[in-house]
Amino acid sequence: DAKTTQPNSMESNEEEPVHLPCNHSTISGTDYIHWYRQLPSQGPEYVIHGLTSNVNNRMASLAIAEDRKSSTLILHRATLRDAAVYYCILRDVKRGSQGNLIFGKGTKLSVKP
Amino acid sequence: GAVVSQHPSRVICKSGTSVKIECRSLDFQATTMFWYRQFPKQSLMLMATSNEGSKATYEQGVEKDKFLINHASLTLSTLTVTSAHPEDSSFYICSARKAGAADTQYFGPGTRLTVL
């Protein structure tokens with residue numbers, strides 16, 4: 001399975017941008033990069049996904065390196081509600097159409113008021 | 001949107017009893033659903049993959065006779081923890097795969113199981 005590496009934790013100030021990095025040097029050509037976040041005692045929430053091009057949605061932006069070996073999730077203005085564990089996940093293409101998601105430890109984001 | 005619900009959200013049971021957890025995709029059809037387990041301060045661990053109308057595929061180390069999975073329709077999958085023991089106490093989370101190019105998964109809110 002293609003593996004991702006994320007920092008264990010990051011801190012941010014409220015209303016400032018946050019850049020959450022993810023390394024995935026063994027990514028294959030058809031792996032999608034997915035980002036989820038999980039608040040305490042809740043199920044993970046889908047944030048964004050991409051393949052090659054940068055992506056924007058109402059929650060965040062995803063910047064993907066040209067060689068696809070790393071990506072960065074960008075929260076443009078952090079709020080206290082953004083405090084969560086953020087997971088960068090590659091779809092497990094070895095499982096064929098099952099598309100299993102294998103969760104790592106993620107990055108715990110703290111937001112200070 | 002894509003909404004997945006779970007019921008119950010929290011359950012406390014005695015050791016030796018069986019507990020059923022339901023997972024429903026409310027606004028889309030899901031041919032594939034997944035069941036995860038999460039222990040305190042740990043990440044999610046995939047338990048099994050559930051395909052509508054066929055047997056579930058279990059991850060290594062997960063007992064299929066203990067964790068019974070049924071995916072009888074395109075919107076409902078159930079996980080039954082049989083003869084539950086205190087070590088089965090955990091946060092159980094389901095997800096449903098929405099068909100598309102990226103096959104994004106959407107997660108339920110989770111079920112907190114406590115076995116006394």
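Each value in this text was obtained by applying a stated rule to the coordinates, not by laboratory testing. Being a predicted model, the structure only gives us computed values, none of them experimental. Positions of Cβ are generated from backbone atoms using ideal geometry, with glycine treated the same way; all protein chains shown enter the neighbour counts.
Got a sec? Which residues in segment B:1-30 would a label at B:Thr114 touch, if it sits 7 Å along Cα→Cβ and we count backbone N under 13 Å?
B:10-14
Output the Kirkwood hydrodynamic radius of chain B, Cα pairs only, in Å rounded to one decimal.
Taking every pair of different Cα atoms in chain B, averaging 1/r and inverting gives 14.1 Å.
Taking the highest mean first, how do the peptides A:6-14, A:81-89 order by number of other beta carbon atoms within 10 angstrom per residue?
A:81-89, A:6-14
Roughly how crowded by other chains is peptide B:41-48, in terms of the mean Cβ count from those chains within 10 Å of each of its Cβ atoms?
That works out to 4 on average.
Quick check: residue separation of B:Glu59 and B:Ser43 times 0.36 nm, minus the Cα distance between them. What number comes out in nm?
4.2 nm
Just to confirm my understanding: which cysteines in the protein assembly as shown have no other cysteine beta carbon less than 4.7 Å from their beta carbon?
Result for the protein assembly as shown is B:Cys13, no neighbouring Cys Cβ within the cutoff.
Is any residue of segment A:12-40 close enough, with backbone N under 13 Å, to a label point placed 7 angstrom from the Cα of A:Lys69 along the Cα-Cβ axis, and if so, which?
The answer is A:23-28, whose backbone nitrogens lie closer than 13 Å to the label point.
List residues of segment A:29-45, by number, whose backbone nitrogen lies under 20 Å from a label position 7 Å along Cα→C-beta of A:Asn57.
A:30-40, A:42-45
Can you give the average number of partner chain beta-carbon atoms within 10 Å of each beta-carbon in peptide B:87-97, as a whole number?
Mean shielding by partner chains, rounded to a whole number: 2.
Translational diffusion coefficient, Stokes-Einstein: compute it for chain A using the Kirkwood radius over C-alpha pairs as Rh, at 10 °C and 1.306 mPa s, and state it as an integer in µm² s⁻¹.
112 µm²/s
Give, as a single signed number, the net charge of other residues whose beta carbon lies under 12 Å from the beta carbon of A:Glu16, with Lys and Arg counted +1 and Asp and Glu -1.
-2
Add +1 for every Lys or Arg and -1 for every Asp or Glu among the other residues with Cβ under 12 Å from the Cβ of B:Gln6, and state the total.
Summing Lys/Arg as +1 and Asp/Glu as -1 gives +3.
When the Kirkwood hydrodynamic radius is evaluated over all pairs of different C-alpha atoms of the protein assembly as shown, what value in angstrom, to one decimal, is obtained?
18.2 Å is the Kirkwood radius here.
In whole Å, largest first, what are the principal axis extents of the Cα atoms in segment A:1-55?
36, 25, 22
Once you list every other residue whose beta carbon is under 12 Å from the beta carbon of A:Ile74, what net charge do they have if Lys and Arg are +1 and Asp and Glu are -1?
That works out to -1.
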